[in-house]
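Q: Below is the structure I would like to discuss, written out as structure tokens.
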Amino acid sequence: GLCGTKLGCGEGGCGACTVMISKFDNFKKKIIHYSANACLFPICALHHVAVTTVEGIGSTKTRLHPVQERIAKSHGSQCGFCTPGIVMSMYTLLRNRHEPKMEEIEDAFQGNLCRCTGYRSILEGYRTFAKNRSCCNSKVNGSGCCMNGRDDNAAMVSSSLFHPAEFQPLDPTQEPIFPPELLTKTNNPQKQLCFKGERVMWIQPSTLKELLAFKAQYPDAKLVVGNTEVGIDMRLKNMLYPVIIAPTWIPEMNLVQHKEEGIIFGAACTLSCVEDVLRQAVDNLPSYKTEVFKAVLEQLRWFAGPQIRNVAALGGNIITASPISDLNPVFMASGSKLTLTSTEGSRTLRMDEKFFTGYRKTVLKPQEILLSVEIPYTRKGEYFSAFKQASRREDDIAIVTCGMRVLFEEGSSRIQEIKLSYGGMAPTTVLAGKTCQELIGRDWNDKLLQQQACLLLAGEMNLSPSAPGGMVDFRRILTLSFFFKFYLSVLQKLSTQLNGNNNLGDGIPSKHISAIELFHKDPAVSVQLFQEVPAGQSVEDMVGRPLMHLSAAKQACGEAVYCDDIPHYENELYLTVVTSTKAHAKITSVDTTEAQKVPGLVCFVSAKDVPGSNVTGLANDETIFADDIVTCVGHIIGGILADTQEHSRRAAKAVKITYEDLTPIVTIQEAIEKQSFFKFVRKIEKGNVQKGFEEADHILEGEMYIAGQEHFYLETHCTIAVPKGEDGEMELFVSTQNLTKTQEFVANALGVPSNRILVRVKRMGGGFGGKETRSTIVSTVVAVAAAKTGRPVRCMLDRDEDMLISGGRHPFLGQYKVGFLKNGRVTSLETSYYSNGGNSVDLSHGVMDRALFHMDNTYNIPNIRGVGKVCKTNLSSNTAFRGFGSPQGMMVTECWMDDIALKFGLPPEQVRKLNLYNEGDLTHFNQKLEGFTVSRCWEECLMNSDYHTRRKHIDEFNKQNRWKKRGIAIIPTKFGISFAVPFLNQAGALVHVYTDGSVLLTHGGTEMGQGLHTKMIQVASRTFGIPTSEIHISETSTNTVPNTSPTAASVSSDINGMAVANACQTILERLDPFKKANPTGSWEDWVKEAYFDSVSLSATGFYRIPNLDYDSEKNEGNPFCYFSYGVACSEVEIDCLTGDHKNLHTNIVMDVGTSLNPAIDIGQIEGAFVQGLGLFTLEELRYSPEGNLYTRGPGMYKIPAFGDIPIEFHVSLLRDCPNSKAIYSSKAVGEPPLFLSASVFYAIKDAILSARVESGLSGPFRLDSPASPERIRNACVDDFTKLCPSAKPGTFKPWSVRA
């Protein structure tokens, strides 16, 4: 019954399931604590082990642990689904180090992800545990507090979102003790264990002899220590290993021995153990002996997260034989020794090019095991480096990885031995044997590099343009870039150690030094500024104060109830969806014969079981179950119902479906070629576009592609349907933003009126638009299954299912033609947008509408025409996502704005400022701009970021560094607030006041982490004039507030807040006579007197946004109630050789009106910004040409991690800008800040420009989004890129395509 530990991905990639493992280590003779992923840790491996979950350290019912208290009070928990895992990572660190360094805290979170907060608040809260705990590490304004020296009006501006002095201290003596019963067993010898399940037998031998005997008996058995590979294979790849042998207890496989030639590690030693031993060796041994050790440590620094390193075995990493292994190239290049053993004897061999015999195959015989690995010392005159490039630095698989070793003849720079080993360039780890052979006997100088090594490597490390993994040009270039880094590194060491007795000259030029610097990132620092509440505001009036999210403490303790945490019903069934493996095909047969053999199977549900209509979707162009034709991979064909989740999964995988293939359309380009569009072309036009071009001094044309994005809410889609047994009634618990459509679609599927369907939502573990409409594809299936069986049915999608089925942000292609004057003033713009809508309309037209409404961003363009077409393709239907088309629309705008500046060498900030709107201007859809604060935000952001000084420092840095470049950009945003569909701009509320004075509040919005319920309680508190502690929100449901609009479009606080205030005012009016009769009475007195006088203490409230009257035919009227504004300045540093980038600084100024809750609003700004950071620099969905999604989990799809946020991350809420059009002068904040992360993208582009100038290139260049390492490196054209020419498009079939 402990539900605190969450399942976020099932593959150890998100950290939501982090727990602390404690055991007595028989080899170290002490108790050890370490974090681990519960989703991968086998239950069988828990023998003699204690597990601590989030519930075990504190509770709201007793006492919060300081770790729980600080993340809650520092506003580090929004949706809360990731919070228990983050809490346990921090808790485990504190059990091992009571006062950690800030760097150690950040390292502890390498295996944890959060999609809501933007991470800053979590780090800020946990900084209070650190040794170096000054508020900003004295980075911003000198010694002491980061606010020193500011000239802000101290009475009006605050930077204190929480008060560390209020935190309870950490007392290590009060932690739970290690279970004594486990300590008493430490002196007893380990005994062999064997567990037998339905399909798998787990054997845990206690001696090497037993292990070898079992391996001889079961030669195909898998050896498992951490289960980090086998667990994923079994869960996600449908692999079955009938026999698993766990060698964790074997002494010989856990030994660490320091020998004359190196250090021997038992193959069962964990990577964390290897890390500790090697770090100690590096500290204590002469530097020349530890070159390989330092390389291994550098690779381990970025190897997965601590939860994986703590359990994954060194031997497993080798024997897995991954072609992109981080460590195998190091072991191969260093010639590490491997000891193999079996019942037939032992042998020792060096890892060389013969060790890997094929994809994931080695020379080991079936009955052999890897016993130990000897990592060698290096000799004098021997140098070693290792490199890795991935999409994300923290916890990511390599794109290319390598180990490089060179040994010189004594006292010279002549090569005696050289080994260059690569991963990611073949089906196995490979040696560049021909290149190495050619280089032996050569001197280590520029001639060697330029004329020999790179040419040889480019030829030898070739890849087919169709190679699995794609990114072929990038991978080839990386092999040369890594060698160049190695070359420079060795050259520098040689020139120092040979003291001029060589032909090396003066070492490496100073401009090249940055190429060999290891990645370093200072701990994050931040300042958040907001306006204090007016003097004299009641202390009980929490509006405008940084009130903690009211569920934060429960979330930090694992007590917050999410959909799948609801206890199982008696007789409940579990449903697993059966989906299409084809993007476009006719279904010829569905065979459930094998599925019927799985124990616990109840039935298969499909289209024929739908009692009402199988037709569904916003445009009635979808089906609940595919009946005849499937139109995307992931199209739901049926569902398997069984007694348990495991049985249901197994049976679903056993269903056999045959197809007749039809030709799929996957990409925007294919849709354009085949004219495959959803009808209704969108268009907005103002002025005379042709005349504007005639008046222009210059015209530029271009295009930009913006990739899609996966929502990656930590809680996947989940529904529980409970049939009530009479009148067709059904109760559904759903993780959805849209109760009304869930109710309507389920009623339609079951053939009953909506009044028979009750939908309830307590909270969601994130939504971001992904649960606005697409949650219905699960809830309708589950409801049909419950109706068929008459039993409660539950379904929570696995992460891979969710990513495959539910769609994401629309990919966009923008084509533009812009006319402008010599000074950069824009005279005319013509833009065409194409979006990839997927296989159904869903919300695609609305998304396109908003893209067109925002194609001006904040710029006054007198003559403008925008056309938008939604492509109909064979992908899962794309849908709403935070920003709803506006980020794509504005991104294209900033692209051509950047082109104008690049074309004539104008400062980009000058061109942008020149074209800004002014107060009272009309937009391109003829809405008057009132309260236009972009100019204020712009000037404040320039000042706060010290933009012009930074620009000078960047220019100087770029002059001094060839291979590292910095860039800066300042970007504004304008975001219209309201639903584009006018009737959705309404909300209802229901308020009950009980006789004890307590208030139960319900409104039409749902809570997904954005703090909506907290804000609504603040609104009710102010309206009633009572403390927030008197008010409670239980849930959102269709039987309390009917016909709710989806919680979306950033308007939920506006419309629900007004509805809540309206209901409260109604009750206040009823109480008014009693207040007048008893003016000195209390709230409770007035409530009781009203009750005794038979006055209703319950009221509904309602609100609709007025004056929304846009006419698309005439292009007049107001589509939006008002606009939210903001400006961001960002500075980055790129590695021109690898495409890596580092976010150095971001300063945001945001107009949120008069903030209802500065802590929540700043959290929304930071969370949106970091989500946008993923959109524009990191996240990329990869599809096969046939429409199959490759990126189905955190293993291949990377969202920003803790280490990706800007090192300096400052947010300021614009002061004195009340908004008369929303509740208590506030403004919407959920979506508007997301686009500000484009400042990072254009800062990257600015840095690339500097690199291109050094290569003799200037002017506009194309950079599509996201600015991934691949795109950054390929854009930094140099001699290395020229050695790796691209294959001609159309001459090969690519591994992946751009959707």
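The values are calculated or read from the model by the stated rules, or taken from the named source; none is laboratory data. All figures in this text were calculated on a predicted structure; none of them were measured in a lab. Here the Cβ positions follow ideal geometry from the backbone for every residue, glycine too, while neighbour counts run over all protein chains shown. Keep in mind that these areas ignore ligands, DNA and RNA; they rest on the heavy atoms of the full protein, side chains included. Shrake-Rupley method; radii C 1.70, N 1.55, O 1.52, S 1.80 Å.
Q: Can you tell me how much longer the chain between T496 and Q437 gets when fully stretched, taken as 0.36 nm per residue apart minus their C-alpha distance, in nm with one decimal?
A: Full-extension gain reported as 18.6 nm.
Q: Would you please classify the overall shape of the stretch 483-587 from the alpha carbon gyration tensor, given that a ≥ b ≥ c denote the square roots of the eigenvalues, rounded means a/c under 1.5, and beyond that prolate means a/b larger than b/c while oblate covers the rest?
A: oblate
Q: Turning to a different aspect of this structure: Taking only protein heavy atoms into account and a 1.4 Å probe, give the accessible area per residue of the stretch 679-796 in Å².
A: Value returned for the stretch 679-796: 32 Å² of accessible area per residue.
Q: Using modelled backbone amide H atoms (1.01 Å from N, in-plane), which distant-in-sequence or interchain residues come within less than 5 Å of L1181's amide H?
A: Counting only residues 5 or more places away or on other chains, the set is G708.
Q: Classify the stretch 54-121 as rounded, prolate or oblate from the Cα gyration tensor: take a ≥ b ≥ c as the square roots of its eigenvalues, call it rounded if a/c is under 1.5, otherwise prolate when a/b beats b/c and oblate if not.
A: oblate
Q: What is the distance, in nm, between label points placed 7 Å from the Cα along the Cα-to-Cβ direction at S1082 and at T658?
A: 7.7
Q: Then there is this: In debye, nearest 20: dipole of the chain around its Cα centre with unit charges on the Cβ of K, R (+) and D, E (-)?
A: 2420
Q: Which aspartates and glutamates, if any, have their Cα less than 15 Å from the Cα of K1198, not counting same-chain residues under 8 positions apart?
A: E11, E394, D395, D396, E710, D800, D1140, E1179, E1180, E1270
Q: How many percent of DSSP beta bridges within the chain run antiparallel, rounded to 5?
A: 80
Q: In what sequence, highest mean first, do 882-890, 163-171, 789-797 appear when ranked by Cβ atoms within 10 angstrom?
A: 882-890, 789-797, 163-171
Q: Now for a different question. With a 1.4 Å probe and all protein chains left in place, how much of the accessible area of the stretch 91-136 comes from carbon and sulfur atoms, in whole percent?
A: Taking all protein chains in place, the stretch 91-136 shows 43 percent carbon and sulfur surface.
Q: Now a separate question. Of the peptides 639-648, 476-485, 602-611, how do they stack up when ordered by the mean number of other Cβ atoms within 10 Å, highest first?
A: Ranked by mean Cβ neighbours within 10 Å, highest first: 476-485, 639-648, 602-611.
Q: Applying 1/(1 + (r/R0)^6) with R0 = 51 Å to the Cβ-Cβ distance of D220 and N1039, what FRET efficiency is obtained, to the nearest 0.05?
A: Working from the Cβ atoms, E equals 0.35.
Q: Summarise the accessible area of the stretch 238-370 (1.4 Å probe, protein heavy atoms) by the percent that is carbon and sulfur.
A: About 51 percent, which is the carbon plus sulfur part of the accessible surface.
Q: Looking at T923, I900, V911, which one has the Cα that reaches farthest to the positive end of the dipole of the stretch 861-971 (charges on Cβ: Lys, Arg +1; Asp, Glu -1)?
A: Result: I900.
Q: Going Cα to Cα from K196, which lysines come in below 27 Å? Please leave out same-chain ones fewer than 8 positions away.
A: Cross-link targets: K6, K23, K185, K209, K215, K222, K237, K365, K597, K653.
Q: How big, on average over all directions, is the shadow cast by the Cα convex hull of the chain, in nm²?
A: If I average the Cα hull's projected area over directions, I get 49.6 nm².
Q: Here's something else I'd like to know. What spacing in nm lies between the two simple spin-label points modelled at F680 and D628, each 7 Å away from Cα in the Cβ direction?
A: Going from the F680 label point to the D628 one covers 2.6 nm.
Q: Quick check for me: using +1 on Lys/Arg Cβ and -1 on Asp/Glu Cβ, what's the dipole size of the stretch 1015-1073 about its Cα centre, in debye to the nearest 20?
A: The dipole of the stretch 1015-1073 has a size of about 80 debye.
Q: Let me ask another. Once you put a point 7 Å from the Cα of T1291 and another 7 Å from the Cα of S1094, both along the Cβ direction, what distance in nm separates them?
A: 9.2
Q: Does the stretch 247-360 come out rounded, prolate or oblate by the C-alpha gyration tensor, with a ≥ b ≥ c the root eigenvalues, rounded set by a/c under 1.5 and, if not, prolate when a/b is larger than b/c and oblate if not?
A: Here the stretch 247-360 falls in the rounded category.
Q: Which whole-number value in Å² is the accessible area per residue of the stretch 1-102, probe 1.4 Å?
A: Normalised by residue count, the accessible surface of the stretch 1-102 is 33 Å².
Q: Here is a follow-up. Charges only on Cβ, +1 for Lys and Arg, -1 for Asp and Glu: so what's the dipole of the stretch 757-833 about the Cα centre, in debye to the nearest 20?
A: 300
Q: Which whole-Hz ³J(HN,Hα) couplings does the stretch 1209-1218 yield from phi under the Karplus relation 6.51 cos²θ - 1.76 cosθ + 1.60, θ = phi - 60°, glycine and proline marked x?
A: Going residue by residue, I get 10, 10, 10, 10, 8, 4, 8, 6, 9, x Hz, with x marking Gly and Pro.
Q: Continuing with the same structure: Rounded to the nearest 0.05, what FRET efficiency do D25 and Q645 have when you use their Cβ-Cβ distance and R0 = 30 Å?
A: 0.35
Q: Of the options G403, V782, T1066, report the single residue whose Cα projects farthest towards the positive end of the charge dipole of the chain (beta-carbon charges: Lys, Arg +1; Asp, Glu -1).
A: Most positive-ward Cα: G403.
Q: Once you have the Cα-Cα distance between I32 and F1261, take 0.36 nm times their residue separation minus that, and quote the gain in nm to one decimal.
A: Separation in residues times 0.36 nm, less the Cα-Cα distance, equals 437.0 nm.
Q: Of the heavy-atom accessible surface of the stretch 852-915 (probe 1.4 angstrom), what whole percent is carbon and sulfur?
A: 53
Q: HN-Hα J couplings of the stretch 111-126 from phi, Karplus 6.51/-1.76/1.60, θ = phi - 60°, integer Hz, Gly and Pro as x?
A: Taking θ as phi minus 60°, the curve returns x, 10, 10, 9, 9, 9, 7, x, 6, 3, 5, 5, 4, 5, x, 7 Hz for the stretch 111-126.
Q: Here's another thing I want to ask about it. Given H placed 1.01 Å from N in the peptide plane, which residues other than close sequence neighbours of I263 have an amide H under 5 Å from its amide H?
A: Here I375, Y377 satisfy the definition.
Q: If you take the beta carbon distance between E930 and H163 as r and set R0 to 25 Å, what does 1/(1 + (r/R0)^6) give as a FRET efficiency, to the nearest 0.05?
A: Efficiency at R0 = 25 Å is approximately 0.10.
Q: Skipping prolines and chain starts, which residues have an amide H placed within reach, meaning under 5 Å, of the one on I399, given they are 5 or more residues away or on another chain?
A: Close amide H contacts, sequence-distant or interchain: Q389, A390, S391.
Q: On a straight-distance basis, which lysines could pair with K101 in a cross-link, Cα separation under 23 angstrom, same-chain partners fewer than 8 positions away excluded?
A: Filter leaves K73, K131, K139, K294, K521, K1142.
Q: Which values of log₁₀ I(q)/I(0), to two decimal places, follow from the Debye formula for the stretch 1201-1294 at q = 0.15, 0.18, 0.20 Å⁻¹ with a uniform point scatterer at every Cα?
A: -0.82, -1.00, -1.11
Q: Determine the gain in length on full extension of the stretch H948-M201; use 0.36 nm per residue of separation and subtract their C-alpha separation, reporting nm with one decimal.
A: Here the segment from H948 to M201 would lengthen by 262.3 nm.
Q: Then there is this: Go ahead and estimate [θ] at 222 nm for the chain from helices alone: -39,500 (n - 2.57) per DSSP H run with n ≥ 4, summed, over the residue count, rounded to 500.
A: Roughly -8500 deg cm²/dmol at 222 nm, from the helical runs in the chain.
Q: Relative to a virtual label point 7 Å from the Cα of D996 in the Cα→beta-carbon direction, which members of the stretch 1082-1099 show backbone nitrogen distances below 19 Å?
A: 1082-1092, 1097-1098
Q: Using +1 at the C-beta of Lys and Arg and -1 at the C-beta of Asp and Glu, which of G111, S1225, G1 has the Cα lying farthest in the positive direction of the dipole of the chain?
A: G111
Q: Based on the alpha-carbon set only, what is the convex hull volume of the stretch 882-948 divided per residue, in Å³?
A: Expressed per residue, the convex hull around the Cα atoms of the stretch 882-948 is 122 Å³.
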